[in-house]
1. List, in order, the whole-Hz ³J(HN,Hα) value for each residue of the range 39-55 obtained from phi through the Karplus relation with A = 6.51, B = -1.76, C = 1.60 and θ = phi - 60°; use x for Gly and Pro.
2. Each residue of the range 93-99 in order: what ³J(HN,Hα) in whole Hz does its phi give by Karplus 6.51 cos²θ - 1.76 cosθ + 1.60, θ = phi - 60°, with x for Gly and Pro?
3. When Cα Rg over 2.2 N^0.38 Å is calculated directly from the model, which label among (1) 2.07; (2) 1.07; (3) 1.16 fits?
4. What is the dipole size for the chain, taken about its Cα centre, with +1 at each Lys and Arg Cβ and -1 at each Asp and Glu Cβ, in debye to the nearest 20?
5. Just how far, in whole angstrom, is the range 1-48 from the range 51-86 if you go by their alpha carbon centroids?
6. Amide H of V54: which non-local residues (sequence gap of 5 or more, or other chain) have their own amide H closer than 5 Å, using H built in the peptide plane?
7. Longer than 23 Å from Cα to Cα, which of K50/K70; K7/K70; K46/K83 are they? Say none if no pair is.
8. Where does each of K70, K83, K63 land when they are ranked from fewest to most other beta-carbon atoms within 10 angstrom?
Amino acid sequence: MTLEDLKTRCKNAGFQYAYGVFKNSVEPPHLIAICRDTDNFMADNKVYSKDIPVQLDYTYIDKDTEMQNKIENEILGDIAWNKTEETYLSDEEVWQVSYFFEI
């Protein structure tokens, strides 16, 4: 999977999606992806394998298990992932859960 594939999967599943930040203000639910530190395999001053850790944040107001199932089954269904517990962001009055995986 590439970042472009991730974007396509998110859009096809019906989510508002952005990399990093939305250019305009959007209401939840939505997904935002960011790349974290790379985890490359290197030897002899050469990169042999590029693994890009991605954090996909799902932000929402009301719990919707169907939407989370779409993320887990349609968007991330063919890759290994972990997720955080649901966290309430009181300053924004929204809930957020983050998914972590490599592409």
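Bear in mind that the values in this text are calculations on the coordinates, not laboratory data. Quick caveat: nothing in here was measured; it's all calculated off a predicted structure. Glycine also receives a Cβ, built like all others from the backbone with ideal geometry; neighbour counts cover every protein chain displayed.
1. 10, 7, 9, 10, 7, 6, 6, 9, 8, 9, 9, 9, 10, 10, x, 10, 10
2. Coupling constants for the range 93-99: 6, 9, 9, 8, 10, 10, 10 Hz.
3. Of the listed options (1) 2.07; (2) 1.07; (3) 1.16, (3) comes from this structure.
4. On the way: 10 positive and 20 negative charges, 85 e Å.
Once rounded to the nearest 20, the dipole reads 400 debye.
5. 12 Å
6. R36, F101, E102, I103
7. Working: K50/K70 27 Å; K7/K70 14 Å; K46/K83 32 Å.
Going by Cα-Cα distance, K50/K70; K46/K83 fall outside the 23 Å limit.
8. Values: K70 20, K83 16, K63 9.
Listing K70, K83, K63 from fewest to most nearby Cβ atoms yields K63, K83, K70.
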